[in-house]
Amino acid sequence: MTFRPGREVLLVHRPKYDDWSFPKGKLERWEHPTAAAVREVAEETGVHVRLGPPLTSQRYPTDRRMKTVSYWAGRAVGDDDVSLYRPNHEIDQVAWVRIDKADAMLTYQYDRETLAEAVQVRRRTHPVVVLRHAKARSRSAWRGDDRLRPLLKTGMVEADRIVPLLAAYDVTRIVSSPSTRCLQTVKPYSDTTGWGIESRRRLSEEQVTAKGVQKVVDELIAGQQGAVICTHRPVLPVVYDALGLRPGQRGDELGTAEMLVAHVRKGAVVAVERHRIG
């Protein structure tokens, strides 16, 4: 769901059901839920949104099956004026509604419960995304310098599919190990957005140090920009320590092209989520 300053939340009215709810829709083929959330809000309201902390998914019965809807506490980015919205057969009204009025305006109890949860985490955060590089050539099959080991074709596909996920969090800083497989993982996002890649040798397997990683992480935590750190499996625990993640926030080891999104507020991680490509 989408918030803007002034304690307002974005709601839509569907004439087919005569209900007020949050913008939502179905996944397209191969689409990740994070990308779908941003796309659906834009398509239904014209507002671009950046995802914040995740919310509890809704699950309820429809005519034929159970339906699951994923939600995030998002924020409007850029122009949030909906006064020129053109009604259509799916959505005939779009409105920014004060939170205290939205509770009464929403048609369904499960939406009111989601709103109540979102209000608790609506304060502005920024994401620091920890990304393990995509699938690369195996060490045993590579005869050259390991730092130059490239991605496989499947890894290049994974790198392309990472682009909309990072965009969903409005990532504008790209920080990477200088190893080829990491640089290739974030290059499609850099090429798409125009944001440059910052190469940091302390994020590499060969030159990692706890002090060097802490310096990188502290810089990203102190900033207000969405950021991604692309690195290697052996370096991930060092990054987690630098972020101050508790054991329960780390979960299992990240797979290739998998990311952990740490939502930061006032220098502390307030929420964590994980996403895998495919």
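The values are calculated or read from the model by the stated rules, or taken from the named source; none is laboratory data. All of these numbers come straight from a predicted model, not from anything done at the bench. A quick note on method: Cβ atoms are made from the backbone with ideal geometry, for glycine too, and the neighbour counts reach across all protein chains shown.
So, Thr107, is that one part of a loop (DSSP other than H, G, I, E, B) and outside the structural domain of Glu205 (by TED's automatic domain parsing) or not?
yes
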Wholly within the stretch 1-45, strands (runs of 3 or more DSSP E) carrying at least 1 residues that are in the same structural domain as Ala167 (by TED's automatic domain parsing) and acidic (Asp, Glu): none
The stretch 65-99: number of residues that are charged (D, E, K, R), surrounded by fewer than 16 Cβ atoms within 10 Å (Cβ to Cβ) and in contact (Cβ under 8 Å) with a residue 40 or more places away in the chain: 3
Scan of the stretch 14-38 for residues that are touching a helix residue (DSSP H, G or I) at 6+ places or on another chain (Cβ under 6 Å) and without any contact (Cβ under 8 Å) to a residue 12 or more places away in the chain, ordered by number: Leu27
Residue within the stretch 269-276 that is modelled with pLDDT of 95 or more, surrounded by fewer than 19 Cβ atoms within 10 Å (Cβ to Cβ) and under 18 Å from Arg147 (Cβ atoms) present: no
All positions within the stretch 21-38 that are of a type in the set (D, E, K, R) and either farther than 25 Å from Glu113 by Cβ or surrounded by 20 or more Cβ atoms within 10 Å (Cβ to Cβ) (or both): Glu28, Arg29, Glu31
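Going through the stretch 202-242 one residue at a time, which ones are of a type in the set (Val, Ile, Thr) and in contact with a Gly (Cβ under 8 Å, 6 or more places away or on another chain)? Reasoning before the result, please.
Here is the first cut: in the stretch 202-242, the ones of a type in the set (Val, Ile, Thr) are 208-209, 213, 216-217, 221, 228-229, 231, 235, 238-239.
Within the stretch 202-242, Ile221 is the sole residue that qualifies.
Does the stretch 115-131 contain any residue that is among the charged types (D, E, K, R), more than 30 Å from Ala222 (Cα to Cα), touching a strand residue (DSSP E or B) at 6+ places or on another chain (Cβ under 6 Å) and touching a residue at least 24 places away in the same chain (Cβ under 8 Å)?
Residues of the stretch 115-131 that are among the charged types (D, E, K, R), as a first pass: 117, 122-124.
When the remaining residues are screened for being more than 30 Å from Ala222 (Cα to Cα), the result is none.
Within the stretch 115-131, not a single residue is among the charged types (D, E, K, R), more than 30 Å from Ala222 (Cα to Cα), touching a strand residue (DSSP E or B) at 6+ places or on another chain (Cβ under 6 Å) and touching a residue at least 24 places away in the same chain (Cβ under 8 Å).
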Qualifying position, being outside any strand (DSSP E or B) and surrounded by 19 or more Cβ atoms within 10 Å (Cβ to Cβ), among Val157, Val186, Val175: Val186
Residue ID - farthest from the chain's Cα centre (by Cα), chosen from residues in the stretch 201-233 that are within 14 Å of Arg181 (Cα to Cα) and outside any loop (DSSP other than H, G, I, E, B): Arg201
Checklist (1) acidic (Asp, Glu); (2) surrounded by fewer than 14 Cβ atoms within 10 Å (Cβ to Cβ); (3) within 19 Å of the chain's Cα centre (by Cα) applied to Glu258, failing item: (2)
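Residue by residue, here is whether (1) within 16 Å of Cys182 (Cβ to Cβ); (2) within 23 Å of the chain's Cα centre (by Cα) holds:
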| site | (1), (2) |
| --- | --- |
| Asp103 | no, no |
| Gln109 | no, no |
| Val121 | no, yes |
| Asp145 | yes, no |
| Arg149 | yes, no |
| Glu158 | yes, yes |
| Val163 | yes, yes |
| Asp170 | no, yes |
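Regarding the stretch 118-126, can at least one residue be identified that is of a type in the set (Ser, Thr, Tyr) and assigned to a loop (DSSP other than H, G, I, E, B)? Steps first, answer last, please.
Taking the stretch 118-126 first, the residues of a type in the set (Ser, Thr, Tyr) are 125.
Keeping just the survivors that are assigned to a loop (DSSP other than H, G, I, E, B) gives 125.
Yes, some residue in the stretch 118-126 is of a type in the set (Ser, Thr, Tyr) and assigned to a loop (DSSP other than H, G, I, E, B).
Given the structure, is Val97 among the hydrophobic types (A, V, I, L, M, F, W, C), under 26 Å from Val171 (Cβ atoms) and not assigned by TED's automatic domain parsing to the domain that holds Arg161? Walk me through it before giving the result.
Working: among the hydrophobic types (A, V, I, L, M, F, W, C): yes; under 26 Å from Val171 (Cβ atoms): no; not assigned by TED's automatic domain parsing to the domain that holds Arg161: yes.
Criteria not met by Val97.
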